[in-house]
Amino acid sequence: MNDISKKIHDIGIVPVIALESVEDAAPLARALCNGGLPVAEVTYRTAAAHDAMIEMRKACPDMIIGAGTVLTKEQVDSAIDAGAEFIVSPGTNPETIRYCQEKNIPIFPGTANGADIETAMSFGLKVVKFFPAEPLGGLKMIKALSAPYNTMKFMPTGGVNEGNLNSYLNEPVILACGGTWMIDKKAIADKDFDKIEELTRGAVQKMLGIHIKHIGVNEENGNGLELAKQFAKFFGGTVRETSKGWFGSELVEVMSEGKKKGTHGHIAVGVNNVDRAKRYFESQGYAFDEDSATFDEKGNMKFIYFKDEIGGFAIHLVK
């Protein structure tokens, strides 16, 4: 997975944008970044695409900006000139793919069937767009195609929304999802970019599934097991011993002496994807204790502590 693909994977959602007015580009970019999605696919469905990408880059220099609906070599050149970092095409055009590779810019060509995927593979590509996703059979079709083409990652676009987003993202074959529901046309027309930020933040929260998984309590006076039994009785659960202490039901973890975290204890925050949640919280100004991270056998992060306590509580993310 190349650097751009990894960054897009960790963001999870790629807003797909068709702007009619260049003046909307900068405030839209800021709204997306503030809401937690510092990435955009600006489509060449309008004449404003080239200049819009330039203005978005000026407003948000760290934003990942790509060009979508790219059909010609001239549009590839235009996108590169505007500072695009990746290209997305609606179909699998060998000429466009070859030209992007000559220009050393990543391309995610649109695919709809096995023949398209094989064309992409013949150029050594590892990620393709699947478009239009829902009309073509959605996740069921992608899973069927991924069986013979198991080295390929997919970026579905077309019909992806808050209702089906996580069913896509929960599958390992999905790199990220392209979507438009946070780019509310009326809000843009009304210059209501606070609304765009609100919709974006809602999309991120839906994707991450942030919730309190359990509370960690630091034992006192060597009575950790008895304390866990009390919590288990209170919540109608059972006691489970771990290498760090005991769970008194799955809602409270009693930490034994020497395993304590946090001044008062810790809070475990459950998320659907730790890599994406970490990236999101970093974009909001939080830092992490990198030494605390643990990973699964595929290299995906499954656990990490924040660097600083909040209110005397250490906080960690857990899948």
Within segment 210-227, can one find any residue that is under 15 Å from the mean Cα position of the chain (by Cα) and not β-branched (Val, Ile, Thr)?
no
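Yes or no: segment 32-51 includes at least one residue that is assigned by TED's automatic domain parsing to the domain that holds residue 187, at negative phi, in a helix (DSSP H, G or I) and hydroxyl-bearing (Ser, Thr, Tyr). Explain how you work it out, then say what you get.
Going through segment 32-51, the residues assigned by TED's automatic domain parsing to the domain that holds residue 187 turn out to be 32-51.
Narrowing further to those that are at negative phi: 32-35, 37-51.
Retained after the next criterion (residues that are in a helix (DSSP H, G or I)): 32-35, 49-51.
Applying the additional criterion that residues be hydroxyl-bearing (Ser, Thr, Tyr) yields none.
No, the conditions are met nowhere in segment 32-51.
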Please pick out the residue among 149, 99, 168 that is assigned to a loop (DSSP other than H, G, I, E, B), of a type in the set (Ser, Thr, Tyr) and at pLDDT 95 or above.
149
So which residues in segment 193-222 are among the polar types (S, T, N, Q) and in contact with a strand residue (DSSP E or B) (Cβ under 9 Å, 6 or more places away or on another chain)?
200, 218
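The rows are residues; the columns are (1) outside the structural domain of residue 31 (by TED's automatic domain parsing); (2) under 17 Å from residue 315 (Cβ atoms); (3) hydrophobic (A, V, I, L, M, F, W, C).
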{"position": "192", "(1), (2), (3)": "no, no, no"}
{"position": "202", "(1), (2), (3)": "no, no, no"}
{"position": "218", "(1), (2), (3)": "yes, yes, no"}
{"position": "221", "(1), (2), (3)": "yes, no, no"}
{"position": "224", "(1), (2), (3)": "yes, no, no"}
{"position": "229", "(1), (2), (3)": "yes, no, no"}
{"position": "252", "(1), (2), (3)": "yes, yes, yes"}
{"position": "265", "(1), (2), (3)": "yes, yes, no"}
{"position": "269", "(1), (2), (3)": "yes, yes, yes"}
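This table checks each residue for (1) over 28 Å from residue 71 (Cβ atoms); (2) part of a helix (DSSP H, G or I); (3) touching a Pro at 6+ places or on another chain (Cβ under 9 Å).
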| site | (1), (2), (3) |
| --- | --- |
| 87 | no, no, yes |
| 118 | no, yes, no |
| 125 | no, no, yes |
| 141 | no, yes, no |
| 155 | no, no, no |
| 172 | yes, no, no |
| 182 | no, no, yes |
| 196 | no, yes, yes |
Quick check on this structure: which one of 138, 124 is touching a Gly at 6+ places or on another chain (Cβ under 8 Å) and farther than 19 Å from residue 44 by Cβ?
138
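The values are calculated or read from the model by the stated rules, or taken from the named source; none is laboratory data. Computed from a predicted structure; not experimentally measured. Here the Cβ is made from the backbone with ideal geometry for all residues, glycine too, and neighbour counts use every protein chain on show.
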